[in-house]
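Data first, discussion second: the structure below is written as structure tokens.
None of the figures in this text is laboratory data; all of them are computed from the coordinates on show. Fair warning: this is a prediction, and the values are worked out from it, not measured in the lab. Methodologically, a virtual Cβ is constructed for each residue, glycine included, from the backbone with ideal geometry; neighbour enumeration extends over all protein chains shown.
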Amino acid sequence: MDDFLKKLAAVLELETIEPHDSLKAFPLLDSLGVLSIIAMLDTEYGVNIHTADVMRMATPEELWNHVLQIKNSEKHCT
């Protein structure tokens, strides 16, 4: 998860992000920020996620767990 947190911090132009930080507290988590997160997840982790899913997540840890869940479900489908 450390790598994910660093990449998320870069997308949101922050020094650091902690797993339990509130995503909604980040100033750059607007519509463009959400699209940037979606693009990063697709590029870096091969995960396609919907805007509503990102907006529903409360913390970076919750978002990361959702990414892992998607990746695991894709493994079982192939």
(request) DSSP loop (so not H, G, I, E, B), at most 15 other Cβ within 10 Å: list which GluC sites (Glu not before Pro) in segment 1-63 pass both filters. (result) Glu13, Glu15
(message) Quick check for me: using +1 on Lys/Arg Cβ and -1 on Asp/Glu Cβ, what's the dipole size of the chain about its Cα centre, in debye to the nearest 20?
(response) 240
(request) Read phi for every residue in segment 15-21 and hand back ³J(HN,Hα) as whole Hz from Karplus 6.51 cos²θ - 1.76 cosθ + 1.60, θ = phi - 60°, with x for Gly and Pro. (result) 5, 9, 9, 9, x, 9, 4
(message) I'd like the FRET efficiency for His50 and Lys71, computed as 1/(1 + (r/R0)^6) with the beta carbon distance as r and R0 of 22 Å, rounded to 0.05.
(response) 0.90
(message) Rounded to the nearest angstrom and ordered from largest down, what semi-axes does the equivalent ellipsoid of segment 2-77 get from its C-alpha gyration tensor (root of 5λ)?
(response) 20, 13, 12
(request) As a check on your grasp of the helix formula, calculate [θ] at 222 nm for the chain: sum -39500 (n - 2.57) over DSSP H runs of n ≥ 4, divide by the residue count, round to the nearest 500. (result) -19500 deg cm²/dmol
